[in-house]
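Heads up: the structure comes next, in structure tokens.
The values are calculated or read from the model by the stated rules, or taken from the named source; none is laboratory data. Since the model is a prediction, treat every value here as computed from it, not as a measurement. Don't worry about glycine lacking a Cβ; one is built from the backbone with ideal geometry, like all the others, and counts go over all protein chains shown.
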Amino acid sequence: MKKFTLFLILVLSALITFSSCGKKEKKTVDGKEVVMGFVYVGPIGDGGWTYSHEQGRKAVEQETGIRTIFKETVPEGAEVKDVIRSMIDQGATIIAATSFGYMDYVVEMAKEYPNIKFLHCSGYKMGENLSTYFGRIEQPRYLSGIVAGMKTKTNKIGYVAAFEIPEVVRGINAFTLGAKSVNPKVEVHVRWTHTWYDPAKEKEAAKALLDEKCDIIAQHQDTAGPQQAAEERGVFSIGYNSDMAKMAPKAYMTAPVWNWGPYYIGEVKKVLAGTWKAADYWEGMNADIVRLAPITKNAPDGAEAKVNEIKKKILDGTFNVFAGPIKDQKGTVKVPAGSALADKDQLSCDWFVEGVVGKVKNK
């Protein structure tokens, strides 16, 4: 009987241990589980912007052990408020809204839910429980411009762009400055699509630029459509958001890409430690939040060496992408020699640098 009882105890202990291994220990603060919700503007399979944030979400779960939830393809309209409310009903205590167009709605939600911590990507409106975050993507954009500037034969580079907002405008400017640093004859031709995720429309915009004799296609959108258009025409491309080499292997040269994990993990760790405060986060390659994807064999000879030279200067703080002198399209000096474009001016940038062919809305 004693042997049977001992056997039964051992079996029950093993079952309890096995059951415990299958359960994830909840991470709590003040007795409440910490759960992070991610609101995505596109599908997680876009291979671009939303995909990069999704990799950040996975990194959060792996590194911190908290539970996360997400909702993909949420339009930049009032319905995002319902998505946020639903996430809070599911236990979310941190909300990351990952697109500029959510800004005003997130501000409303932050006021409605003062005990929830909100993170808004690429915006500029803050509150006691509302942080903003972005990365200095202009740094790898400049580097990708170097590659494009060295590769073009027609000296005409096409740039398929999403919306006329400062984030996109300053990216075009950084890319153009990089291209012109190695090829002063370069022109960057911009075509707006007013989309973040529309593969067909973005591909058609690239084709229109190719018809204008552009032989390199760059982009600020979430799909590989523009690069696939370049590949079909036998020319070359610069991607965005993530390494898209597999999507246009004969055209793709490199891309400025996002690495959101370090930021998201850092914010969650602050919440768990009870030290979180609303802040404006805007770091660059030094913080590994932005990177230049590996340069492929499609890039021109000497491009990698030149990129590495400037990258080293960016990392050691001796090179600023927006250091003067910088002229606008009319030849007016906007940033004098010896100075650099201030962060506040980058955040409101509504003008193109010399070398860009195209218009900012109402300009």
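What number of residues within the range 143-200 are of a type in the set (Gly, Ala, Ser), more than 25 Å from Tyr40 (Cα to Cα) and out of contact with any Ser or Thr (no Cβ under 6 Å at 6 or more places or on another chain)?
Qualifying residue count for the region: 8.
Just the residues that are over 23 Å from Met285 (Cα atoms) and either at pLDDT below 95 or surrounded by fewer than 15 Cβ atoms within 10 Å (Cβ to Cβ) (or both), please, taken from the range 340-359.
Across the range 340-359, the qualifying residues are Asp350, Lys359.
Out of the range 310-334, which residues are surrounded by 14 or more Cβ atoms within 10 Å (Cβ to Cβ) and polar (S, T, N, Q)? Reasoning before the result, please.
Going residue by residue through the range 310-334, those that are surrounded by 14 or more Cβ atoms within 10 Å (Cβ to Cβ) are 310-311, 314, 319-324, 326-329, 334.
Listed by number, the residues that qualify are Asn320, Gln329.
I want to confirm something. Restricting to the range 175-201 and keeping residues that are under 18 Å from the mean Cα position of the chain (by Cα) and hydroxyl-bearing (Ser, Thr, Tyr), which single residue is nearest to Lys361 (Cα to Cα)?
Result: Thr195.
For residues that are out of contact with any Phe, Trp or Tyr (no Cβ under 7 Å at 6 or more places or on another chain) and in a helix (DSSP H, G or I), tally how many sit in the range 279-314.
13
Take the conditions out of contact with any helix residue (DSSP H, G or I) (no Cβ under 6 Å at 6 or more places or on another chain) and charged (D, E, K, R) and apply them to Glu202. Does it pass?
no
Tell me which residues, restricted to the range 250-278, are part of a loop (DSSP other than H, G, I, E, B), out of contact with any helix residue (DSSP H, G or I) (no Cβ under 7 Å at 6 or more places or on another chain) and under 30 Å from Gly145 (Cβ atoms).
Asn259
Quick one: would you say Gly48 is surrounded by 13 or more Cβ atoms within 10 Å (Cβ to Cβ), in the same structural domain as Ala96 (by TED's automatic domain parsing) and either at pLDDT below 95 or more than 25 Å from Ala162 (Cβ to Cβ) (or both)?
Criteria met by Gly48.
Looking at (1) surrounded by 15 or more Cβ atoms within 10 Å (Cβ to Cβ); (2) among the hydrophobic types (A, V, I, L, M, F, W, C); (3) more than 30 Å from Val34 (Cβ to Cβ), which is the one condition that is false for Ala337?
The failed condition is (1).
Take the residues in the range 193-207 that are hydrophobic (A, V, I, L, M, F, W, C) and in contact (Cβ under 8 Å) with a residue 40 or more places away in the chain; name whichever of them is surrounded by the most Cβ atoms within 10 Å (Cβ to Cβ). So that I can check it myself, show each step before the final result.
Of the residues in the range 193-207, the ones hydrophobic (A, V, I, L, M, F, W, C) are 196, 200, 205-206.
Within this subset, residues satisfying the condition of being in contact (Cβ under 8 Å) with a residue 40 or more places away in the chain are 196, 205-206.
Values: Trp196: 22, Ala205: 26, Ala206: 30.
Ranking the candidates gives Ala206 first.
Among the residues that make up the range 111-123, is at least one of them touching a strand residue (DSSP E or B) at 6+ places or on another chain (Cβ under 8 Å) and farther than 23 Å from Val34 by Cα?
First, pick out the residues of the range 111-123 that are touching a strand residue (DSSP E or B) at 6+ places or on another chain (Cβ under 8 Å): 111, 116-123.
Filter once more, keeping what is farther than 23 Å from Val34 by Cα: 122-123.
Taking every residue of the range 111-123 in turn, at least one turns out to be touching a strand residue (DSSP E or B) at 6+ places or on another chain (Cβ under 8 Å) and farther than 23 Å from Val34 by Cα.
Taking the range 158-183 only, how many residues are more than 14 Å from Ile146 (Cα to Cα) and either touching a strand residue (DSSP E or B) at 6+ places or on another chain (Cβ under 9 Å) or not assigned by TED's automatic domain parsing to the domain that holds Lys327 (or both)?
10
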